[in-house]
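First comes the structure, then the notes that go with it.
The values are calculated or read from the model by the stated rules, or taken from the named source; none is laboratory data. In this text, all values refer to a predicted model and were calculated from it rather than measured experimentally. As a convention, Cβ positions derive from the backbone with ideal geometry for all residues, glycine included, and neighbour counts pool all protein chains shown. Ligands, DNA and RNA are stripped out before the accessible areas are found, and what is left, the full protein with its side chains, is counted by its heavy atoms. Shrake-Rupley method; radii C 1.70, N 1.55, O 1.52, S 1.80 Å.
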Amino acid sequence: MSSFSSTVPADTDSLPGHIHRRGLMLVLSSPSGAGKTTISRRMLDLDANLSMSVSVTTRAMRPGEVHGRDYFFIDPTEFNMMVNRRDLLEHAKVFDNYYGTPKSAVEQALQAGKDVLFDIDWQGTQQLKEAARDDLVSIFILPPGARELERRLTGRAQDSAEVIAKRMAKANDEMSHWSEYDYVIVNRDVEESVAAVRAILQAERLRRRRQIGLSEFVRGLQAGL
Ligand code: 5GP
């Protein structure tokens, strides 16, 4: 188990009868245009214990994006330095650009007992799975139909026709990885999908292995404490 999966807040570690929880890493993957960004934003609004992992990327900033909120936009030299210093939890080339998850922010959030949401592709998910399987919960979001996916992909005014064509091809490629995920949601209705993600998160938070101090707690119950 790698160090970032240790999520027990130090101050509650030694209290007898106190149940605390390991933080978890919630990954949402989907082809572009399946509605994942909207679902992620809603989840962050609704759940105070969830924080977003902000990736680094070498791609150009799109209009409306904010450095430090949507991504940390860095140049390829900086990206390579982060890879070499092992500052990234995972990294991958997606389309023609490089993306990666900075390790320190995730470690800090998990140490503070917060769950972390990741918007990363299947390559990154595989790497996280290898590094921290027990702490990982992965969800794949599928679009409701091919027409709707096409509509959503062409509807993004920021990108050129060439970029859109590439996205279509990549969407098919990305979708072929659906079966590597723990859960699959077909995004027919955003609110329903958000409710499904919340239900998954709630159930996963209650997993026995994530609740630390249960044995002591039950012993206390049995002893009438
Ligand atoms: P976009 O450029 O449209 O924001 O993202 C393109 C793709 O890159 C999306 O599928 C997104 O999930 C993925 N992506 C974003 N950040 C990361 C990251 O840090 N690691 C990996 N592996 N994929 C990422």
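Enumerate the calculated ³J(HN,Hα) couplings along segment 17-33 in order (Karplus 6.51 cos²θ - 1.76 cosθ + 1.60, θ = phi - 60°), each rounded to whole Hz, writing x wherever the residue is Gly or Pro.
x, 9, 8, 10, 10, 6, x, 10, 9, 9, 9, 10, 10, 5, x, 3, x
In deg cm²/dmol and to the nearest 500, what is the mean residue ellipticity at 222 nm of the chain if only DSSP H runs of at least 4 residues count, each as -39500 (n - 2.57), divided by the residue total?
Using -39500 (n - 2.57) per qualifying helix, the result is -12000 deg cm²/dmol.
Under a 5 Å amide H to amide H cut-off, with H placed in plane at 1.01 Å, what residues pair with PHE72 once short-range neighbours are removed?
Amide H neighbours of PHE72: SER55, VAL56, THR57.
For the chain, give the percent of accessible area contributed by carbon and sulfur heavy atoms, probe 1.4 Å, rounded to a whole number.
The nonpolar share, carbon plus sulfur, comes to 52 percent.
Only four residue types carry charge here, +1 at the Cβ of Lys and Arg and -1 at the Cβ of Asp and Glu. Report the dipole size of segment 9-122 about the Cα centre in Debye, rounded to the nearest 20.
Value, rounded to 20: 140 debye.
Taking the alpha carbon gyration tensor of the chain, what are the square roots of 5 times its eigenvalues, largest first, to the nearest whole Å?
34, 21, 14
For the chain: lysine pairs with Cα atoms under 23 Å, gap of 8 or more or different chains, count?
14
Based on Cβ point charges of +1 for Lys and Arg and -1 for Asp and Glu, what charge dipole magnitude is obtained for the chain about its Cα centre, in debye rounded to the nearest 20?
300 debye
Given all pairs of different Cα atoms, what value in angstroms does the Kirkwood hydrodynamic radius of segment 128-213 take?
15.2 Å
Hey, for a label at ASP75 modelled as a point 7 Å past Cα toward Cβ, could you say which residues of segment 45-63 have their backbone N under 19 Å away?
Once the point is set 7 Å along Cα→Cβ of ASP75, 56-62 turn out to lie under 19 Å by backbone N, inside segment 45-63.
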